[in-house]
């Protein structure tokens, strides 16, 4: 009768040199929590599981106890979903507004905004000038404007 040796199954991780795509890789680094949340929602909509990891080494993170809402956030996806996640990113960038259109909209807003800013600055300067002149020209019979600082002899 032949001898049967009972061996445990081989470790697939060592045998094939990988973990079957179950590991997590960084897809992109979002600017802050809001962008990360929106991107995670789009990935979930496409059926891609994602995780987010906040960069606690960002400047000022210590003031928020490590939860600075404006710190960069790494978006992680599984290795097997990386290509699909890149397609979702491409779709997002394709659907977004073009840089020319955004620049045109900003230029349209700056014209009226600049005029309002100048009018406000001129009116505020005139009002402050009137207040200063009214204080200087007011004469109460005393040469001292601040009696608390004048010596009484």
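The values are calculated or read from the model by the stated rules, or taken from the named source; none is laboratory data. Nothing here was measured: the structure is a model prediction, and the numbers come from that model. Cβ sites come from the backbone with ideal geometry, for glycine too, and all protein chains shown count toward neighbours.
When the residues of region 80-104 are narrowed to those that are under 20 Å from residue 33 (Cβ atoms) and without any contact (Cβ under 8 Å) to a residue 60 or more places away in the chain, which ends up surrounded by the most Cβ atoms within 10 Å (Cβ to Cβ)?
Ranking the qualifying residues of region 80-104, first place goes to 85.
Residue check: is residue 85 part of a loop (DSSP other than H, G, I, E, B), modelled with pLDDT of 80 or more and in contact with a strand residue (DSSP E or B) (Cβ under 6 Å, 6 or more places away or on another chain)?
So residue 85 does not fit the description; no.
What are the residues in region 45-79 that are assigned to a helix (DSSP H, G or I) and either surrounded by 12 or more Cβ atoms within 10 Å (Cβ to Cβ) or at pLDDT below 85 (or both), if any?
Result: 61, 62, 63, 64, 79.
Kindly provide the set of residues from region 57-82 that are more than 12 Å from residue 26 (Cα to Cα) and more than 14 Å from the chain's Cα centre (by Cα), ordered by number.
57, 62, 63, 64, 65, 66, 80
Per-residue answers, yes or no, for (1) assigned by TED's automatic domain parsing to the domain that holds residue 42; (2) more than 30 Å from residue 42 (Cα to Cα); (3) at pLDDT 85 or above; (4) part of a loop (DSSP other than H, G, I, E, B):
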residue: 106; (1), (2), (3), (4): no, no, no, no
residue: 123; (1), (2), (3), (4): no, yes, yes, no
residue: 126; (1), (2), (3), (4): no, yes, yes, no
residue: 130; (1), (2), (3), (4): no, yes, yes, no
residue: 141; (1), (2), (3), (4): no, yes, no, yes
